[in-house]
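Working notes for the structure below.
Throughout, read-outs are computed from the coordinates displayed, never taken from laboratory work. From a predicted model like this one, the values you see are computed outputs, not experimental measurements. Backbone-built Cβ (ideal geometry, glycine too); neighbour counts: all protein chains shown.
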Amino acid sequence: MEATIEFRDDCYYAGLWFVRHDKNLDVADRIDWLACAWRKNDEQNTWQIVHRLRYHKTDKAFASGDRFKIFRGTKKCSEEQIVKELSSIAAIFGANNNVEPSFVPIRGNGRKGIEELSKQPWANMKKIPINIPPREKFH
């Protein structure tokens, strides 16, 4: 499986959004949502966006056989606008899942992103070994 978010030192990350699944549902009916917006350091208003849906099959964090749908896109706008728009989408998923969305402001590079993400009680992080120039990838 590809990494949902790749944290790099040569990029600036606005933040992460996460919407937990509805714990009242059977495991097979659970869906959660994760999103991130970042840009290359030299592209001030061109944001890369990734968001993914996770369709649970078990309650395991890793090697669960869960199904993931990953979506990627680009948007030209201010940081304020991208945060506002992704927060609006998170609110829709949150209402659907009967939970409050989480927003993790990063406003920094990949190392800061890893640091902020690791503080979240919902974050399941795993380093993925790769054989290309050094950078860190997490799910």
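Give a quick list of chymotrypsin sites (Phe, Trp or Tyr not before Pro) in the stretch 21-98 that DSSP marks as loop, anything other than H, G, I, E or B, with at most 13 other Cβ atoms within 10 Å. Each step should come with its number before you reach the end.
Numbers: sites: W33, W38, W47, Y55, F62, F68, F71, F93; in loops: F62.
Answer in residue order: F62.
For G108, what residues show an amide H to amide H distance below 5 Å, using hydrogens built from the backbone and excluding near sequence neighbours?
Under 5 Å from the amide H of G108 lie the amide H atoms of Y13, each far enough along the sequence or on another chain.
Which links in K40/K84; K23/K119; K69/K112; K40/K75; K40/K112; K84/K112 stretch past 23 Å when you go from one Cα to the other? It would help to have the intermediate numbers written out before the result.
Working: K40/K84 20 Å; K23/K119 21 Å; K69/K112 26 Å; K40/K75 13 Å; K40/K112 15 Å; K84/K112 21 Å.
Distance filter (> 23 Å) returns K69/K112.
Mind listing the long-range amide H neighbours of R30? Cut-off is under 5 Å, sequence gap 5 or more, other chains count too, H placed in the peptide plane at 1.01 Å from N.
Amide H neighbours of R30, under 5 Å, 5+ apart: H56.
For the pair E43 and K23, how long in nm is the line joining their label points, each one 7 Å along Cα→Cβ?
For the pair E43/K23, the computed spacing is 3.9 nm.
Relative to the present Cα-Cα distance, how much length would full extension add between K75 and D9 at 0.36 nm per residue of separation? Can you show the working numbers first?
Details: separation 66, 0.36 × 66 = 23.76 nm, distance 2.08 nm.
Additional length available on full extension: 21.7 nm.
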